[in-house]
Ligand SMILES: Nc1ncnc2c1ncn2[C@@H]1O[C@H](COP(=O)(O)OP(=O)(O)OP(=O)(O)O)[C@@H](O)[C@H]1O
Ligand SMILES: [Mg+2]
């Protein structure tokens, strides 16, 4: 924009090969062009009869905020221009009469700046769109959780209840022929119940990251509960669960329900994947940063342990003398459904030797350990078997 035709024409000639250039010799004409064309850069002379360049560019900024604005001026107008630049109305100023290189430079920079800003705008829009989609997906997931917990659980409960009643009827005269059917339905219901419970645990763990409730937990009591829950299977397989707790009255800050699930899953795996009559080790070494000795109890042991022997992290280990895990499988065992779809080994039985389940157990275990801020790893045990090692940070 310049009121001098000659200046307009020479600038036009300078740029017309590299850019699409429009000329306007007053503010009104400039605005007309801006309304009709998609203008990226506006170059305006400062001294014009109707308005100054800075005034024009201020208005342009309001109506066309995406434009990059450059002012052409004589040295004497510098104060005004500095202010305009500082207020963001003008991107660059080019001194008049300094030759075409200065102006070329300014326009190149303005074009880069325009492209960058447009790219940023595009990326922000993309991000906002992705965020909106994520929010929608999250809402869907929450809705699915609601539906799954009610709609899936209810029929399972009904099937289980009814088959239990039917099982009683089977005992009555004439009911023998139904026994086989009822057993099958009951088995199916049990599997479905296990599946629904595990699916919900995994989904909930993924969507409610903060859903962990830490409270002091007496490790002995926790492990007793784990043993109680697995004792039927241990007995069936004539296996022994050897529990070690250091110090014996350790109290840890844990989410009791989740850590219970973690240990039951690991012990159940150890039961399944090791031979009849073998021993499974479950040990907890409480870190010094975590355990406290129960009041009124034998506190001498806790306080007499030298600090050097009490690492900060708590280490929980479940080891078996079973089949072991192939080295190539080790990195994948924590993935959901790992090891499934192998009909040879798949079984509804939850404790038979080498019978795999759905492959969700270890995925849940990992999630729950991570919710505690901890890590879990797996390693071979010598001479045979597998060790799962959980490390929990001091809190
Ligand atoms: N202690 C172990 N010894 C040998 N292999 C194991 C052991 N624990 C897990 N695995 C292997 O890792 C796989 C995945 O374990 P995960 O607990 O996730 O699934 P699962 O026990 O088969 O089924 P689910 O726990 O869902 O009922 C198992 O199928 C098995 O192949
Ligand atoms: Mg399992």
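Check whether at least one residue in the range 23-46 is within 20 Å of residue 4 (Cβ to Cβ), assigned to a helix (DSSP H, G or I) and in contact with a strand residue (DSSP E or B) (Cβ under 6 Å, 6 or more places away or on another chain), and report yes or no.
No: the range 23-46 contains no residue that is within 20 Å of residue 4 (Cβ to Cβ), assigned to a helix (DSSP H, G or I) and in contact with a strand residue (DSSP E or B) (Cβ under 6 Å, 6 or more places away or on another chain).
Results for (1) under 43 Å from the mean Cα position of the chain (by Cα); (2) part of a strand (DSSP E or B), shown as yes or no for each residue.
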position	(1), (2)
84	no, no
93	no, yes
111	yes, no
119	yes, no
124	yes, no
129	yes, no
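Among the residues of the range 269-283, write down those that are within 7 Å of ligand 1 (Cβ to nearest atom) and out of contact with any strand residue (DSSP E or B) (no Cβ under 7 Å at 6 or more places or on another chain).
269, 272
Conditions (1) farther than 30 Å from residue 15 by Cβ; (2) at pLDDT 80 or above, marked per residue:
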| site | (1), (2) |
| --- | --- |
| 108 | no, yes |
| 114 | no, yes |
| 120 | no, yes |
| 129 | yes, yes |
| 132 | yes, yes |
| 140 | yes, no |
| 144 | yes, no |
| 156 | yes, no |
| 161 | yes, yes |
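List pairs: first in the range 325-345 and outside any loop (DSSP other than H, G, I, E, B), second surrounded by 13 or more Cβ atoms within 10 Å (Cβ to Cβ) and at pLDDT 70 or above, Cβ under 7 Å, 6+ apart or cross-chain?
Here the result reads 330/378, each pair linking the range 325-345 to a residue that is surrounded by 13 or more Cβ atoms within 10 Å (Cβ to Cβ) and at pLDDT 70 or above.
Which of (1) over 20 Å from residue 117 (Cα atoms); (2) surrounded by fewer than 17 Cβ atoms within 10 Å (Cβ to Cβ); (3) at pLDDT 85 or above; (4) touching a helix residue (DSSP H, G or I) at 6+ places or on another chain (Cβ under 9 Å) does residue 63 not meet, given it meets every other one?
(1)
Output the residues belonging to the range 249-283 that are within 14 Å of ligand 2 (Cβ to nearest atom) and in a strand (DSSP E or B).
Selection gives 280 alone.
Within the bounds of the range 341-357, is there any residue that is more than 30 Å from residue 276 (Cβ to Cβ) and modelled with pLDDT under 65?
Scanning the range 341-357 turns up no residue that is more than 30 Å from residue 276 (Cβ to Cβ) and modelled with pLDDT under 65.
To keep it simple, each residue is scored yes or no on (1) at pLDDT 75 or above; (2) crowded, with 16+ Cβ neighbours inside 10 Å.
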position	(1), (2)
172	yes, no
200	yes, no
205	no, yes
210	no, no
213	yes, no
219	yes, yes
222	yes, yes
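Here are some residues: 321, 286, 300. Which one is more than 8 Å from ligand 1 (Cβ to nearest atom), modelled with pLDDT under 95 and either surrounded by 15 or more Cβ atoms within 10 Å (Cβ to Cβ) or closer than 13 Å to residue 386 by Cβ (or both)?
None of the others qualify; the one that does is 286.
Please list, ordered by first then second residue, the pairs with beta carbon atoms under 8 Å, 6 or more apart or interchain, first in the range 354-381 and more than 18 Å from residue 267 (Cβ to Cβ), second near ligand 1 (Cβ under 9 Å from one of its atoms) and assigned to a strand (DSSP E or B).
Listed by first residue and then by second, the contacts come to 380/386; 380/387.
Within the range 355-378, can you find the residues that are within 11 Å of ligand 1 (Cβ to nearest atom), in a strand (DSSP E or B) and farther than 22 Å from residue 200 by Cα?
Matches in the range 355-378: 378 only.
The values are calculated or read from the model by the stated rules, or taken from the named source; none is laboratory data. All figures in this text were calculated on a predicted structure; none of them were measured in a lab. Note that we place each Cβ from the backbone using ideal geometry, even for glycine, and neighbour counts take in every protein chain shown.
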